[in-house]
Amino acid sequence: MAHDRSEIGPVAPPELLAPAGSPEALRAAVAAGADAVYLAGRRFGARHYAANFSDDELRSAVDYAHLHGVRVYVTVNTLVSDAELPDVIRYLLWLYEIGADAILVQDTGVAALAREVVPALTLHASTQMTIHNREGASWAARKGFSRVVPARELSLLEIEDIAGVPGIGVEVFAHGALCYGYSGQCLLSSVIGGRSGNRGMCAQPCRKPYRLVTAGKDEYGRPRDLQTLPIEGRYLLSTRDLAVYPRLDRIVRSPVVSLKIEGRMRSAEYVATVVSIYRRAIDAITAGEAWSPSREDMRDLMLAFNREFTEGYILGASDIMARDRPGNRGILLGTVVGYDPRREEATVRLSGEIVPRSGDGLAFCAEDPDRDVGAVVHGTPAVRRGTVRVGLPLPVGRDTKVYLTKSADLEERAKRIMESSLPQLPIDLVVTWEDGTPCFLGTLAGKPLQVTYRADIEMEPARSRPLTPEEIAEQFSRTGGTPFVIRRLDLRYPGGLFAPPGVLNRIRRAFLERVEEAVVAAHRPEPDAVLAARERADAVIAGMLPKKRITGRLPSVSVYTDTLEGVGAAIRGGARTIYFEPVEQGGCIEEAAALCRAGGTDLVWKWPSITRRTFLDAAAPLLPSLYDAGIRRVMVSGVGAACAMREAEPRMHLYGAAGLNVWNHRTTQELAPLFLRCTLSPELPAADLARLTEMAGDSPALEVLVQGNTEAMVTEDRLAAVPGDRFMGLQDRHNRIFPLRCDSESRVYIANAVETCLIDHLPRIIGMGIDAVAIDARGRGPRYTEEMVRLYRAGVEAAGRGDRKALDNLKEEVKERALGGITGGHFVRGLSE
């Protein structure tokens with residue numbers, strides 16, 4: 001159900017959530033007016049390359065934020081292997097002890113452990129969980145999450161629908177970098193160089209140049225006669241930066257509870273600038289003022305950092321991409337009209353009111369971004385007839401565009417924000433005297449927290465001039481250098497007493513120290529609660545013992561295909577299970593089922609990786625009649641789709657695809673009530689796979705992807721239509737070709753340039769007790785499908801009898817049919833850490 005809060009007048013303000021990638025950025029966020037910050041320690045955070053916080057820094061950061069009335073959310077939003085689970089449990093316990101207000105989580109198993117060990121620790125579902133429908137949010141609420149950060153690809157209407165789920169708040173990104181693909185579903189950095197975005201180590205391959213290529217297909221679906229397609233720009237996957245500021249009032253008046261600024265890799269000055277602008281705007285909108293976006297504020301946002309701005313999917317923008325260059329644009333300053341090589345100076349004709357000053361950074365942008373030239377302005381240049389001269393050691397051509405990418409003025413203003421008075425907690429203070437001893441009772445305004453303090457000295461009767469109430473009030477009201485301000489002072493002074501000013505100052509400082517201790521303690525759990533949590537943690541860790549799993553049995557062979565011809569080929573090859581994902585929504589399901597019944601093969605209707613409202617509303621009503629017709633298995637990539645399917649047809653058997661990101665046995669336990677079989681993450685190294693299977697028990701059944709070009713990204717960017725009879729791909733600087741395909745909703749998928757091949761590792765896989773091995777033959781044609789299924793069936797039999805030579809021969813046959821060569825992938829080489 002959509003919500004309407006568009007009426008004019010005051011509204012409840014959403015939380016302004018700021019990034020804090022370093023202690024300096026934390027101070028900037030607090031000074032600029034953030035209601036909450038999100039940050040990470042040095043472990044289990046999705047921004048491995050940010051400065052982040054050591055344990056001591058993190059504890060201090062939490063206390064610092066709380067003393068200034070700011071909440072702290074700690075990111076624990078990476079996928080975690082079984083070997084790491086004991087450490088993540090101890091980390092969660094420690095975060096609970098130091099008073100973190102919430103944790104952001106991606107891993108389903110980690111969330112389950114948090115509920116079990118520290119149930120009082122608030123859970124937020126990271127955008128890495130790829131929640132993109134109402135059913136996914138409902139599942140999160142049932143699993144103990146109080147907030148979800150939906151996929152950034154959703155419209156505001158879809159977000160408002162999710163916000164209608166009882167017991168769940170919705171947090172959205174308002175400003176900063178956008179990912180090209182759905183967060184949590186992107187393996188592109190991982191498959192290219194082993195640096196996984198799901199482990200906080202994304203190398204940003206989407207900011208690299210690519211060519212869009214097309215070709216005919218050979219009998220194995222491989223490209224032949226490659227051609228480059230004309231498309232504007234070289235950086236085909238590079239997105240603009242999000243900035244909802246021009247229409248911020250529309251989002252503030254929606255049911256969203258938190259507006260998030262992206263940028264844990266950004267500087268403290270960036271944080272101060274962006275947060276302060278959004279703070280002022282939110283305050284004006286929620287106060288009911290006639291707010292409109294400020295031209296000056298928009299300029300400052302651009303100067304802080306931009307790759308060109310877009311209002312994003314959330315506001316229905318179509319200008320998401322910036323394919324011409326991947327870096328900071330700043331603001332256009334002017335155009336080069338001449339270059340003096342002797343003086344090493346460029347003459348720039350200014351295009352607007354901005355004049356460069358000493359300390360500014362400039363970018364001279366050529367058509368080829370690799371040839372851009374940067375410069376720092378030394379000394380403020382004089383303006384002559386609309387032009388300025390700027391020192392530049394390298395020659396640049398006439399008509400080169402010049403951008404202001406770093407503003408010394410903006411940085412100075414940002415520093416003033418950072419050095420300004422920090423938010424202070426107001427105290428209502430009552431001071432009484434007992435036998436000449438000052439007794440303090442302080443109440444933190446708006447908080448159920450009272451602090452009492454009895455001074456350790458008695459004020460003596462005055463011999464000549466007693467202190468007046470005004471003099472005492474002046475001393476006790478001073479709070480400079482502390483996180484507090486005395487809002488109201490009720491001084492019940494009996495009169496006639498005296499103490500030196502230094503004594504009164506010491507009393508006041510002692511009281512404020514007591515208040516500081518009380519504020520910090522109020523955000524931390526009681527010792528008994530910590531002890532109980534520690535006992536639960538020890539018990540859970542001690543209980544992580546291998547389960548009895550049947551090993552040595554031969555796995556069945558499954559195959560993914562997207563055509564009826566592929567279904568027939570898989571049956572002829574001897575596949576036990578076929579995951580059928582027709583290119584047209586629901587197309588040919590009955591025909592495929594008839595073929596599988598005749599061939600004695602299990603058919604599973606494979607749903608797209610992303611199942612937004614339009615798909616679910618179309619597909620879910622079909623399920624009861626399909627079940628009655630004998631089509632009784634569906635594969636999904638998300639818990640939202642699983643719940644929607646279960647609600648529409650409870651009898652249907654559910655299979656889990658790789659998009660579920662199954663990295664540990666606790667995740668399999670959480671998914672077991674929903675799924676008959678789950679595909680394990682293709683990012684898992686062999687040792688982690690072995691430990692997972694050892695710990696998982698027999699339910700659900702477990703499957704491993706052993707062959708095919710691994711699905712590396714799914715995106716809403718309609719880069720190109722992919723006709724079934726043509727090959728489409730992206731070619732990088734190293735001439736690697738990444739295949740493209742489309743699903744039934746024209747969503748684009750990018751696959752790895754090299755095929756995974758684990759046929760020679762089948763003995764180890766069988767030894768783990770894996771129930772099924774899968775081949776991804778989508779887009780590869782019937783011959784590839786049939787022959788690859790035959791090869792893997794032979795491989796399973798050879799592995800079962802220990803025939804190493806046969807496996808080596810089969811590997812060579814696989815290699816002859818592969819697209820882009822073969823790799824053992826993460827199973828063999830693991831991930832970069």
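The values are calculated or read from the model by the stated rules, or taken from the named source; none is laboratory data. Keep in mind that what you see is a predicted model, and the values were worked out from it rather than measured. For neighbour counting, all protein chains shown are included, and Cβ atoms are generated from backbone atoms with ideal geometry for every residue, glycine included. Ligands, DNA and RNA are stripped out before the accessible areas are found, and what is left, the full protein with its side chains, is counted by its heavy atoms. Shrake-Rupley method; radii C 1.70, N 1.55, O 1.52, S 1.80 Å.
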Query raised in the report: Any residue in the stretch 769-781 that is basic (K, R) and either assigned to a strand (DSSP E or B) or surrounded by fewer than 24 Cβ atoms within 10 Å (Cβ to Cβ) (or both)?
Result: no
Query raised in the report: Does A720 count as hydrophobic (A, V, I, L, M, F, W, C) and open to solvent by 10 Å² or more (accessible area, probe 1.4 Å)?
Result: yes
Query - Candidate set: the stretch 551-568, residues that are in contact (Cβ under 8 Å) with a residue 60 or more places away in the chain and farther than 28 Å from R764 by Cβ; chosen: the one surrounded by the fewest Cβ atoms within 10 Å (Cβ to Cβ) - result: E565
**Report entry** Whichever residue in the stretch 37-52 is within 19 Å of D87 (Cα to Cα) and at pLDDT below 90 and, among such residues, is most open to solvent (accessible area, probe 1.4 Å)
**Finding:** R42
Query - Selection within the stretch 53-75 - open to solvent by less than 20 Å² (accessible area, probe 1.4 Å) and not hydrophobic (A, V, I, L, M, F, W, C) - result: H66, Y73, T75
Query - Criterion violated by S421 - all others in (1) loosely packed, with under 14 Cβ neighbours inside 10 Å; (2) within 30 Å of Y64 (Cβ to Cβ); (3) in contact with a His (Cβ under 9 Å, 6 or more places away or on another chain) satisfied - result: (3)
Query raised in the report: Out of all the residues in the stretch 18-31, which are open to solvent by 10 Å² or more (accessible area, probe 1.4 Å) and not in a loop (DSSP other than H, G, I, E, B)?
Result: P23, E24, R27, A31
**Report entry** Pair list, Cβ under 8 Å, 6 or more apart: the stretch 67-88 residue at positive phi, other residue in a loop (DSSP other than H, G, I, E, B) and open to solvent by 20 Å² or more (accessible area, probe 1.4 Å)
**Finding:** G69/P423
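Results for (1) more than 38 Å from the chain's Cα centre (by Cα); (2) open to solvent by 30 Å² or more (accessible area, probe 1.4 Å); (3) of a type in the set (G, A, S), shown as yes or no for each residue.
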| position | (1), (2), (3) |
| --- | --- |
| M298 | no, yes, no |
| L315 | no, no, no |
| A382 | yes, yes, yes |
| G391 | yes, yes, yes |
| R398 | yes, yes, no |
Report task. Hey, can you tell me all the residues within the stretch 252-272 that are surrounded by 21 or more Cβ atoms within 10 Å (Cβ to Cβ), β-branched (V, I, T) and closer than 20 Å to P150 by Cβ? Result -> V252, V256, I261
Query - Residue list for the stretch 613-672, restricted to those being in a strand (DSSP E or B) and either basic (K, R) or surrounded by 18 or more Cβ atoms within 10 Å (Cβ to Cβ) (or both) - result: R633, V634, M635, V636, L654, Y655, G656
Query raised in the report: Can you tell me which residue in the stretch 802-829 is most open to solvent (accessible area, probe 1.4 Å), limited to those that are among the acidic types (D, E) and closer than 18 Å to R783 by Cα?
Result: E816
Report summary line: When every residue in the stretch 453-473 that is without any contact (Cβ under 8 Å) to a residue 24 or more places away in the chain and in contact with a strand residue (DSSP E or B) (Cβ under 8 Å, 6 or more places away or on another chain) is compared, the one least open to solvent (accessible area, probe 1.4 Å) is A473
Report task. Identify the single condition in (1) crowded, with 24+ Cβ neighbours inside 10 Å; (2) assigned to a helix (DSSP H, G or I) that T78 does not satisfy, given that it satisfies every other one. Result -> (2)
Query raised in the report: Do we find that L616 is free of Cβ contacts under 8 Å to residues at least 60 places away in the same chain and either out of contact with any Pro (no Cβ under 9 Å at 6 or more places or on another chain) or not hydroxyl-bearing (S, T, Y) (or both) in this structure?
Result: no
Report summary line: Reported set for the stretch 573-628 where residues are over 31 Å from the mean Cα position of the chain (by Cα) and of a type in the set (S, T, N, Q) is T577, T601, S625
Report summary line: When the stretch 782-797 is checked residue by residue, the ones that are open to solvent by 10 Å² or more (accessible area, probe 1.4 Å) and under 30 Å from R224 (Cβ atoms) are P782, R783, E786, E787, R790, L791, R793, A794
Report task. Among the numbered conditions (1) part of a loop (DSSP other than H, G, I, E, B); (2) modelled with pLDDT of 95 or more; (3) surrounded by fewer than 18 Cβ atoms within 10 Å (Cβ to Cβ), tell me where A34 comes up short. Result -> (3)
Report summary line: Filtering the stretch 429-449 for residues that are in a strand (DSSP E or B) and loosely packed, with under 14 Cβ neighbours inside 10 Å leaves a count of 1
Requested in this report: Pull up the stretch 138-159, narrow it to residues that are under 27 Å from E311 (Cα atoms) and of a type in the set (A, V, I, L, M, F, W, C), then point me to the one that is most open to solvent (accessible area, probe 1.4 Å).
Outcome: L157
Report summary line: Considering only strands (runs of 3 or more DSSP E) wholly within the stretch 274-392, the ones with at least 3 residues that are in contact with a helix residue (DSSP H, G or I) (Cβ under 7 Å, 6 or more places away or on another chain) are none
**Report entry** Members of the stretch 164-176 found to be open to solvent by 20 Å² or more (accessible area, probe 1.4 Å) and outside any loop (DSSP other than H, G, I, E, B), listed by number
**Finding:** F173
Requested in this report: Mind counting the residues in the stretch 736-781 that are β-branched (V, I, T) and farther than 19 Å from E816 by Cβ?
Outcome: 6
Query - Cross-chain or 6+ apart pairs with Cβ under 6 Å, the stretch 656-677 first and closer than 16 Å to I770 by Cα, then open to solvent by 30 Å² or more (accessible area, probe 1.4 Å) and at pLDDT below 95 - result: A672/S699
